[in-house]
Structures are given as structure tokens and as C-alpha cells.
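Q: Please read through the structure below; I'll follow up with questions.
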Amino acid sequence: QVQLVESGGGLVQAWGSLRLSCAASGSISSINVMGWYRQAPGKQREFAAAIARGGATNYADSVKGRFTISRDNAKNTVYLQMNSLKPEDTAVYYCYVLTSRYYWGQGTQVTVSS
């Protein structure tokens, strides 16, 4: 009942920046948490960042200090500002929202060249 549309992925050089966006629509009652996972080729999907409705954030150690997650509750949109990108950040990034259950976006490719 909830659809997530991601955008903002692409190819960027190391030390560059990208901003990912994810907009939720559909039958949304309340979104408790919005966030991002990522999956590199040949690896398991891993947690990247999350933000609660009140603004509390959580980051994986691998992205802490470089990525910033934010949300616009009125627009039901979550953003991931990615700075100082490294080749190891290359992955498909998946947005999720948590209401009474988890919903997932389609994924957007981020490729960081050295």
C-alpha cells in the first residue's frame, strides 16, 4: 500500500558528493522510521542510515561523519547526503520506511570511481 520512489544515484569520482531522495506515497498512516540500506556486488545488504520521525538518527560506522540523513515529514521524503565518497561506497542503495511494517524502494545505483 506504500510506494517508494528513489532518485539521485549516478557515477561520481572519489571525494565527490551525491544526494539521494526517496519519496513515499500511498496509504500512509504514520511513518516511524525512514532510512537506507545498501548492497555492494557479491555482498549482503547492509544498514547505512536511519532517521526517526522526531529526528533521531543512526549511522553505520562506515558512513558516519560523511553521510547525513534527513527527512521532510510533510512530503514523506527522506534524503541521504553523501559526501567524501569512496569507491567502497559503490552499491545499490535501497530506501525503506517503517509504518506498521517495512516497505522498500526499487534501489538506485551509486558508483564511485577512484
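The values are calculated or read from the model by the stated rules, or taken from the named source; none is laboratory data. Not measured: the values here are computed from a predicted model. Glycine gets a Cβ as well: all are built from the backbone with ideal geometry, and neighbour counts include every protein chain shown. Please note that ligands, DNA and RNA were not included when accessible areas were found on the heavy atoms of the full protein model with its side chains. Shrake-Rupley method; radii C 1.70, N 1.55, O 1.52, S 1.80 Å.
Q: Please enumerate the residues belonging to the stretch 39-50 that are in a strand (DSSP E or B) and either among the charged types (D, E, K, R) or farther than 15 Å from Met82 by Cα (or both).
A: Listed by number, the residues that qualify are Gln39, Glu46.
Q: Let me ask something else. If you scan the stretch 11-23, which residues turn out to be surrounded by 13 or more Cβ atoms within 10 Å (Cβ to Cβ) and part of a strand (DSSP E or B)?
A: Passing the criteria: Val12, Leu18, Arg19, Leu20, Ser21, Cys22, Ala23.
Q: Right, another one. State the number of residues belonging to the stretch 76-89 that are within 18 Å of Thr111 (Cα to Cα), open to solvent by less than 70 Å² (accessible area, probe 1.4 Å) and not in a loop (DSSP other than H, G, I, E, B).
A: Qualifying residue count, the stretch 76-89: 6.
Q: Right, here's the next one. In this structure, is Gln109 open to solvent by 70 Å² or more (accessible area, probe 1.4 Å) and modelled with pLDDT under 95?
A: So Gln109 fails the test.
Q: Output the number of residues of the stretch 24-75 satisfying the condition of being open to solvent by less than 40 Å² (accessible area, probe 1.4 Å) and within 13 Å of Tyr103 (Cα to Cα).
A: The total comes to 6.
Q: Return the residue satisfying two criteria in turn: it lies in the stretch 44-75 and is among the charged types (D, E, K, R) and free of Cβ contacts under 8 Å to residues at least 24 places away in the same chain, and of such residues it is farthest from Val110 (Cα to Cα).
A: Looking at the filtered set, the residue picked out is Arg53.
Q: Next up: Which of the residues belonging to the stretch 93-106 are among the aliphatic types (A, V, I, L, M) and buried (at least 18 other Cβ atoms within 10 Å of the Cβ)?
A: Of everything in the stretch 93-106, just one residue is among the aliphatic types (A, V, I, L, M) and buried (at least 18 other Cβ atoms within 10 Å of the Cβ), namely Val97.
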